[in-house]
Amino acid sequence: MTTTQVPALGARHVGVGVTAVVVGSLLFAVNGTVSKLAMQAGLSPTRLVELRSIGSAVVLVAAVLVVSRRLPLPRGRQLVGIAVLGVVGMAMVQWLYFVAISRLPVGLALLVEYTAPVLVALWARFVLREQVKARVWWALAACLGGLVLVAQVGDGIELDTLGLLAAGGAAVALATYYLLGDRLVRARDPLSTQAWSMVFAALFWIVLQPLWTFDASVLADDVALPGALDGAHLPLWVLVAWIVVLGTAVPYLLILVGVARLGAARTGVLGMLEPVAAAAAAWLVLGESMTAVQLVGGAVVLAGVALAESARRGATLTPAPDAVVSH
């Protein structure tokens, strides 16, 4: 991994980038709750991630054809890397995350998954022999400590073994995504890297469970919305469309806008807001209530983000630009 150096930019330029990353992170956070509703309505985690991958691949490839149509297709080792990124870093991350939130509270699942930055830092320090600033370690500790409070670990939560294993697997796959994505985007733009990796994720699921084995009529079923939206009903296909467009394609593009203006390191730090926002969304919609302790945890995460932000110019912990979040 390399340190991303961000040149001095105008306040407006930076403000647009920060706004884009924050909005993208909020959309990813809401996606966790929408996905859980879709699975409670009858879609299995594997089928939901397949539909998400196929739909997102279509949207992102269309964007590539509009924005980067002259860019050559990936070949050779780069093609192999993008394929691994798609299967391990996207298909596996999304599937394992969906399995985790289907069996655990959203906040707890994200707590386990968001140990991925720690795994990346450990890999950078002890395998790549890179120097990681002490302030980054303290910031990561603060963020994870705050997420423990947000998830209320040990406070009446029944831990599901399969859910915890899935969340842990998602953390390993996400760390792989950060590390491999960082290498790939040195030779390609983030948008096309994201798009073609999503194509491989879609192909992976199509091979595992062909579309003709899916009873598409289930998408017409009505879904009763809980919590603050109690009494409202939506067809299941609307939830799936939200997951594809507003839960994947749009937030990824917003994250890319942020990367272009802020750099990968700063964008990755701001992306740590997602678990806190996801817990809040689950509180409002799913009734996974937040206590005063969880609110304090959210404040601790924000403090950790601010601490890491202050160390960004020298930090070596740098998520891949197109892999800031993968939900």
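Read the figures in this text as sums done on the coordinates, not as results from a lab. Computed from a predicted model, the values in this text were never measured in an experiment. Note that each Cβ is placed from the backbone with ideal geometry, even for glycine, and that neighbours are counted across all protein chains shown.
Answer rounded, prolate or oblate for the range 27-170, using the Cα gyration tensor with square roots of eigenvalues a ≥ b ≥ c: rounded when a/c is under 1.5, else prolate when a/b is larger than b/c, else oblate. Provide the component values of the computation, followed by the final result.
On the way: a/c = 2.18, a/b = 1.17, b/c = 1.86.
Verdict is oblate for the range 27-170.
Convert each backbone phi in the range 105-122 into a coupling constant with the Karplus relation 6.51 cos²θ - 1.76 cosθ + 1.60 (shift: θ = phi - 60°), then list the ³J(HN,Hα) values in order as whole Hz, x for Gly and Pro.
x, 4, x, 5, 4, 5, 4, 5, 4, 7, 7, 4, x, 5, 4, 5, 5, 5
Treat the count of other C-beta atoms within 10 Å as a stand-in for reagent exposure and order Arg75, Arg52 from fewest to most.
Listed from fewest to most nearby Cβ atoms, that is Arg75, Arg52.
Taking neighbour Cβ counts within 10 Å as the exposure measure, how do Arg125, Arg70, Arg188 sort from fewest upward? Numbers along the way, then the final one.
Details: Arg125 15, Arg70 4, Arg188 19.
Listed from fewest to most nearby Cβ atoms, that is Arg70, Arg125, Arg188.
Compute the FRET efficiency between Ala187 and Arg129 as 1/(1 + (r/R0)^6), taking r as their Cβ-Cβ distance and R0 = 22 Å, and round to the nearest 0.05.
For R0 = 22 Å, the calculated efficiency reads 0.45.
Mind sorting Asp215, Asp182, Asp189 by how few other Cβ atoms lie within 10 Å of their own Cβ, fewest first?
So the residues, fewest neighbours to most, are Asp215, Asp189, Asp182.
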